[in-house]
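Trainee: Below: one structure in structure tokens.
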Amino acid sequence: MMLEDPVQVVKAYHLATRHHPRRYARGPGYLDWATQPDPFRRFHGAPCLPLPIPRDAPGPAYDALFEPGSIAPEPLSVDSVSRFLYASLAISAWKQAGGQRWALRCNPSSGNLHPTEGYLLLPALDGLAEAPGVYHYAPREHALERRAVLEPRAFASLMGGLPEGAFLVGLSSIHWREAWKYGERAFRYCQHDVGHALAGLRLAAAMLGWRLAMAVEPGDADVARLLGLDRSEDFRGAEPEHPDLLAVVVPNGFAGRPGFSVDEDLIEKVARSSWHGRANTLSPGHVEWPAIDAVAEAAVRPRATVGGPDGLGRGDSCPPAAAASGPAGIDGRTASPGLSAMTLFRRRRSGVAYDDRTPMGREAFLRMLERLVPGNGPSPPWDAIPWHPQAHLLLFVHRVEDMGPGLYLLVRDPGATGALRSAMRRDFQWTRPPQCPEGLDLVRLAAGDCREIAANLSLGQDIAGMGAFSAGMLSRFAPALAEHGAWFYRALFWEAGMVGQMLYLEAERSGLRGTGIGAYFDEPVHELLGLEGLEFQSLYHFAVGGAVDDPRLTTLGAYPPPD
């Protein structure tokens, strides 16, 4: 890892953290329960402002989120902020087994370790504060911890050019939370979880009729300054947080893509505000993983200039996503067609075992794939990111009605078809399934039972072969790093995490369950496809199927939290 070129450091980390059949990526080898991280960050001394628990009607249907203009924007208020977080980052339930209890959240996380922290920069709101502020979200209490009070004119200038009611959301990662269990590979999983959270936030915003988009210009240093993550005294003795991104939230009536311009003087005014609270220590002891520190330093995101070298200037945005609620000719009626978005977001769970018999309906399967592909009109969550799709889905189809079992490929960017076909095995079929909807680039590569192959590639985890299907997210890799820079390594995993969040929700909507799989044999996946070099890499796996619940577990309500 002693390399000068950040892109080479990132590539070296990625190669070093692959799992091989005879050698796994370096990890702790056992779980040190004495140092298990606290899943809840708090800032002691910061005012804690409880948010009202939503008790009203469930709100719009999930399918309405993908129909532009169908949801009237709600005004910004304490209640709407509460629903925004309640549907995205909040606790969804508690589980209990014997004397042990643990929380589940709306945003999924590798190992349920939750390295992702959420922040808001809000204007003055009745019932919250008389002045703008920087807030940390405390999910256990469903409360906002006020980290800083901002001068009203400085906040107004910071948000200049955005409509009334606009605010900022920030995400950060605590790498130690994942490294405690997963060692060097943990950096990958932290980035997955940022993507899960970003997609969850975008969908929660859509539920309220709002737009949400990642801010292009701020670099990691800007994000750290605005969120107070660079305040070393506030984190003395506590695990640091790595800045990930800022997102702009605006009313849905805003024309175009919301932007946020960096102004160093205004950011400095925020940094010089009155700050409160010190971060709690999550573990009494730690294991150092220098490889994570090296890749985090190499993948720092610089401040972007408009039309700058990373290709993410404000003039370059992703193609807007499909406006339709399902592909042409597909009957969208499945297990829960009228299910409210809030109910679905809070009902989402990760499957722990599948029954090896439940199929997935063809209509639900194709609708799920359609919602993974940006198309012809603004739609969540793909309009939240400012780059063209990099990830494509390798599909191990086991039990999908009216579709033969086999290996399929969903190309999420039609412009990538040529490169994928040139990189893969020459004996693949590349045939479109019968009655495949127009505009959905789905092809079958090979026919046959692939349950054992899918399980073996996922470190022998049966769940990959016992569901309706499993998937590997095959991302454009070395060319993307060359184009955008080393920081884009993180963005590739963010996009994979967003795909995973959509798979979770669409599976739940169809009466099934989803499971993210971060542990798989990287190189054997590439060998199966005939891939050589680093043009494409598999970054995340997933499985969908009929869930088998564990009768030993008891489910408890989310709020108030149990003692």
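Trainee: In µm²/s, what is D for the range 94-213 at 10 °C and 1.306 mPa s, where D = kT/(6 pi eta Rh) by Stokes-Einstein and Rh is the Kirkwood radius from Cα pairs? Walk me through the intermediate numbers first.
Mentor: Numbers: Rh = 16.3 Å.
Stokes-Einstein gives a translational diffusion coefficient of 98 µm²/s.
Trainee: Okay, next question. Can you tell me the equivalent ellipsoid semi-axes for the range 341-545? Use √(5λ) from the Cα gyration tensor, largest first, whole Å. Spell out each step's value before the answer.
Mentor: Details: eigenvalues 107, 84, 61 Å².
Ellipsoid semi-axes (Å, largest first): 23, 20, 17.
Trainee: Moving on to the next point. So if each residue of separation counts as 0.36 nm, and I subtract the Cα-Cα distance between Arg22 and Asp449, what length gain in nm does that give? Spell out each step's value before the answer.
Mentor: Numbers: separation 427, 0.36 × 427 = 153.72 nm, distance 2.54 nm.
Full extension from Arg22 to Asp449 adds 151.2 nm.
Trainee: Further, regarding this structure: Show me the ranking of peptides 402-414, 463-475 by mean Cβ neighbours inside 10 Å, starting with the highest.
Mentor: On the way: 402-414: 18.7, 463-475: 26.8.
Result, highest mean first: 463-475, 402-414.
Trainee: With a Förster radius of 56 Å, plug the Cβ-Cβ distance of Thr281 and Asp402 into 1/(1 + (r/R0)^6) and report the FRET value to the nearest 0.05. Working shown, then result.
Mentor: Numbers: r = 55 Å, r/R0 = 0.98.
It comes to 0.55.
Trainee: On a straight-distance basis, which aspartates and glutamates could pair with Lys181 in a cross-link, Cα separation under 18 angstrom, same-chain partners fewer than 8 positions away excluded?
Mentor: Cα-Cα hits under 18 Å: Asp32, Asp38, Asp193, Glu239, Glu241, Glu288, Asp293.
Trainee: About its Cα centre, what dipole magnitude does the chain give when the only charges are +1 on Lys and Arg Cβ and -1 on Asp and Glu Cβ, stated in debye to the nearest 20?
Mentor: 900
Trainee: Between Trp430 and Trp33, what is 0.36 nm times their sequence separation minus the Cα-Cα distance? Round to one decimal in nm.
Mentor: 138.0 nm
Trainee: In the chain, if the dipole is taken from +1 on Lys/Arg beta carbons and -1 on Asp/Glu beta carbons about the Cα centre, which of His398, Leu457, Ala478 is farthest to the positive end?
Mentor: The Cα lying farthest towards the positive end belongs to His398.
Trainee: Moving on to the next point. How high is the FRET efficiency from Asp263 to Ala124, r the C-beta distance, R0 25 Å, rounded to 0.05? Display every interim value, and only then the final one.
Mentor: Details: r = 20 Å, r/R0 = 0.82.
According to the calculation, E is roughly 0.75.
Trainee: Next up: Among the aspartates and glutamates, which fall within straight-line cross-link reach of Lys11, defined as a Cα-Cα distance under 13 Å, with same-chain neighbours fewer than 8 residues apart omitted?
Mentor: Counting by Cα, and skipping residues close in sequence, Lys11 has these aspartates and glutamates nearby: Glu535.
Trainee: Using the Cα atoms of the chain, I'd like the radius of gyration and the largest Cα-Cα distance, Dmax, both in angstrom.
Mentor: Computed over the Cα atoms of the chain, radius of gyration and Dmax are 22.3, 66 Å.
Trainee: Turning to a different aspect of this structure: Hey, if you put +1 on the Cβ of every Lys and Arg and -1 on every Asp and Glu Cβ in the chain, which of Thr555, Leu65, Met498 ends up farthest toward the positive end of that dipole?
Mentor: Of Thr555, Leu65, Met498, it is Thr555.
Trainee: Determine, from the Cβ-Cβ distance of Phe40 and Thr417 and an R0 of 41 Å, the FRET efficiency 1/(1 + (r/R0)^6), rounded to the nearest 0.05.
Mentor: Details: r = 45 Å, r/R0 = 1.10.
Efficiency, rounded to the nearest 0.05: 0.35.
Trainee: Using the Cα gyration tensor of the range 136-196, with a ≥ b ≥ c the square roots of its eigenvalues, what is the shape: rounded (a/c below 1.5), prolate (a/b larger than b/c) or oblate (neither)? Walk me through the numbers on the way to the answer.
Mentor: Numbers: a/c = 3.07, a/b = 2.17, b/c = 1.42.
Prolate is the answer for the range 136-196, as a/c is 1.5 or above and a/b outweighs b/c.
Trainee: Which of Ala197, Gln96, Ser379 sits closest to the plus end of the dipole of the chain, meaning its Cα is farthest towards the positive end, when Lys and Arg get +1 and Asp and Glu get -1 on the C-beta?
Mentor: Of the options given, the answer is Gln96.
Any read-out appearing in this document is the output of simple, stated calculations on the displayed coordinates, not a laboratory observation. This is a predicted model, so every value here is computed, not measured. In this analysis, Cβ positions are derived from the backbone assuming ideal geometry, glycine residues included, and neighbour counts consider all displayed protein chains.
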